[in-house]
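Okay, structure first, notes after.
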């Protein structure tokens, strides 16, 4: 089998149809079978959440910038899809718009730029060395083989350390990007961020963990049935209302 | 056009300035409140960050330079502000936090509201270090009592000798990880009591709401159920019509006349860069310890050639911050837990006040312990090192694919953390001063810091590390990371990082050894007062805010009284 040189690979990539990977509508089914056809959900391009004028201006500027080349964005998409695939009822990284989230974070944090650009280049070089093409242009099983060697921090092989750091970083970004979406909340089963009246750990949970509230402690705690009665104290600092 | 003459000009709208504004305006005085930042009200939907989901932010709550505690944190400010540099002397690494908004850094603090105790005002009597305050707990107690009732603080009366009781609202019940901590502390014979924090677990008036337990005080409360100076003090004061609020107004200096008394302040209007002045009978500085020192040092005149209040070379000296160190643990028994809403109030529901006698220890001052953990809302950083605890349960760290979902759920809410906050010993040599060569974007000379921790703080940090390790293990935890040793000063935070700077304009009876008298009144100019933490002689192992407000109220009463007597 002929081994492609780095230059030839780039040339063939340029000729290959990188079909519309960057633009896709919400709900598209992602596929990691063919990198050239990968699609993902789009994220909003404007936000409103209590920003100052200076903050609004900065975010607008970030949205107007492009950092990644198309090849880099596709590589990020393929990696995110491997890390958290979409073949799951709660969706995966691509349904959560991960490539666009990574792009935004990289523009927001200058220090992220080099590790990701360099990491992608490292991964491509490794793929060329082992399989004769860039990461996104080798077969799915070859891609998984490349990930297997850098997905575990306990691997001590010196020549893999840069790849291991990069993969860990991509795993962090993928998981944080997914779990901070509605799909991620659902996957986790998160309950919170809503007005409520906290009145202690549920009894069933206390029993499961073999812990209990001490009566003396509970006496110091709020009686939620009286929370709306205006506080009054006697001269001895005792709450009497 | 004739300039309006104010009775009072107050510089800074945080804890000290807010309280002085509220008291002096209610006393019928005409007040100008001057704030370097913009107007802010979390009840306005345009400024609200509370109860938003992480995906409403493109960075999912990640920190930025303008919001170092996260994109949803309400406090606009930081250690690194555009156009407002500060410098360091030698190898000093001081971190200077500034808030730039109405309410100042009360938009940021953890609402931990601890009274200083009787011992905290007289430390020199106990260990011979530093100085005593010119006042004692009995002088401040009536004001602590009034602050409790006006502002609201939950807690419990425990009868502790140096952590005084108060007029408390009832405490929230502990969360699950806090019950683990309570059990651990009991095993180690270390006390643990309900936290003392300024959130309304019960109604205190008809203007402010009652806590609905979203755990997001750091985002500022849209129903005003947590304390910030703006929500609890400035808005009510503005309603009375006695207060003119100047925002985006950066005070350059206090203007004095030939007799050395203040006649007003000059400030830069940040909206247009213009220099403007306000005239007033009395100037009250509440810009925060270091900013107030900077304004005084920049207020040079023939009568005050080293800066206002600085005839004794004390302005900027004795600067000190709280010490800090933190550690966390993985609690295997909290793996695979049932998921329910335990947001509670923001931060801890339980804490450990200082419990030992330094007489028996090799360092002079104490610290308290703050407890963290629970099933918080995912935000930027959630899922980082997703399955790092696998190493403790015999499974491999790393990997990819849907197994990561199980790892995330398995370890969610299984961490317990402790943060220590302690008292340092004030030093003459630890200071901020004007840098002779550097100015900010408005041409105002900036501060230069000169600060070193001493062995007192480093030895205290060593003790903190031993305590945290013991308590985390007693709570059923596997302590994470390596224990910092002498080469890392035992994990001691950098000065300024805890954001409790105090001492730069300390109070005292001897004008040669202090900047103000016990009422925050400058020895060198009787119509200039300081009501921020600059007047603190020592910091205590407590957070400073409650004491700032008690002393500001005390000073306000004194000002009204002195004006009535026509002494000022």
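What follows is calculated from the coordinates using simple rules that are stated; it is not laboratory data. None of these values were measured; they are calculated from a predicted model. Positions of Cβ are generated from backbone atoms using ideal geometry, with glycine treated the same way; all protein chains shown enter the neighbour counts.
Placing one equal scatterer on every Cα of the range B:503-551 and applying the Debye formula, the log10 ratio I(q)/I(0) at q = 0.13, 0.20, 0.21 Å⁻¹ is -0.26, -0.59, -0.64.
A P(r) calculated from all alpha carbon pairs of the range A:114-206, with 5 Å bins opening at zero, reads 2, 12, 16, 16, 13, 10, 8, 6, 6, 6, 4, 1, 0 percent.
Roughly how tilted is helix B:455-474, in degrees to the nearest 10 and between 0 and 90, from the longest Cα axis of chain B? Around 30 degrees separate the two axes. Each helix, a run of at least 4 DSSP H residues, gives -39500 (n - 2.57); summed and divided by the residues of the protein assembly as shown, these come to -8500 deg cm²/dmol at 222 nm. Over all pairs of different C-alpha atoms in chain B, the reciprocal of the mean inverse distance, the Kirkwood hydrodynamic radius, equals 24.3 Å.
In what order do A:122, B:109 fall by count of nearby beta-carbon atoms within 10 Å, going from fewest to most? Don't skip to the answer; put the middle values down first.
Working: A:122 18, B:109 25.
Result, fewest neighbours first: A:122, B:109.
Site pair residue A:241 and residue A:161 shows an inter-label distance of 6.5 nm when each label is modelled 7 Å from Cα along Cα→Cβ. Short-range pairs are left out: with C-alpha atoms under 8 Å and at least six residues apart, the relative contact order of the range A:115-241 is 12 percent. The antiparallel fraction among DSSP beta bridges confined to the protein assembly as shown stands at about 70%. Modelled spin labels at residue A:57 and residue B:189, positioned 7 Å past Cα toward Cβ, are 6.2 nm from each other.
Using alpha-carbon positions, what is the distance between the centroids of the range B:87-106 and the range B:214-288, in Å? Their Cα centres are 18 Å away from one another. If a spin label sat at a point 7 angstrom from the Cα of residue B:483 along the line to its beta carbon, the backbone N atoms of the range B:442-468 nearer than 16 Å would be those of B:459-468. Put a dot 7 Å past the Cα of residue A:230, heading toward its Cβ, do the same for residue B:139, and the two dots end up 3.4 nm apart. Spatially, the range B:491-510 and the range B:346-410 are offset by 28 Å when compared through their Cα centroids. Given R0 = 51 Å, the distance between the Cβ atoms of residue A:191 and residue B:89 translates into a calculated FRET efficiency of 0.50. Under the criterion of Cα pairs below 8 Å and six or more residues apart, the relative contact order for chain B equals 22 percent.
Mean-square fluctuations from a GNM of chain A, with a 10 angstrom spring cutoff on Cα atoms, peak among A:142, A:224, A:161 at A:224.
Pulled fully out, how much extra length does the chain show between residue B:274 and residue B:157, if you take 0.36 nm times their separation in residues and subtract their Cα-Cα distance? Display every interim value, and only then the final one.
Values: separation 117, 0.36 × 117 = 42.12 nm, distance 5.19 nm.
The span from residue B:274 to residue B:157 would gain 36.9 nm if fully extended.
Which of these, A:38, A:116, A:230, has the largest mean-square fluctuation under a Gaussian network model of chain A (Cα springs below 10 Å)? Taking springs between Cα atoms under 10 Å, the residue moving most is A:230. Against the main long axis of the alpha-carbon atoms of chain B, helix B:176-187 sits at an angle near 90°.
Which FRET efficiency value, to the nearest 0.05, do you get for residue B:396 and residue B:122 by plugging their Cβ-Cβ distance into 1/(1 + (r/R0)^6) with R0 = 56 Å? Working from the Cβ atoms, E equals 0.45. Rg ratio for chain A: its Cα radius of gyration over 2.2 N^0.38 Å, N being its residue count, equals 1.43. Relative to the longest principal axis of the Cα atoms of chain A, the long axis of helix A:6-15 lies at roughly 80 degrees. With 5 Å bins beginning at zero, the pair-distance distribution over Cα atoms of the range B:67-109 amounts to 5, 23, 26, 21, 13, 8, 3, 0 %.
Cα centroid distance between the range B:450-482 and the range A:62-100, in Å? Computed from Cα coordinates, the inter-centre distance equals 41 Å.
When Rg and the Kirkwood Rh are both derived from Cα coordinates, the Rg/Rh ratio for the protein assembly as shown amounts to 1.00.
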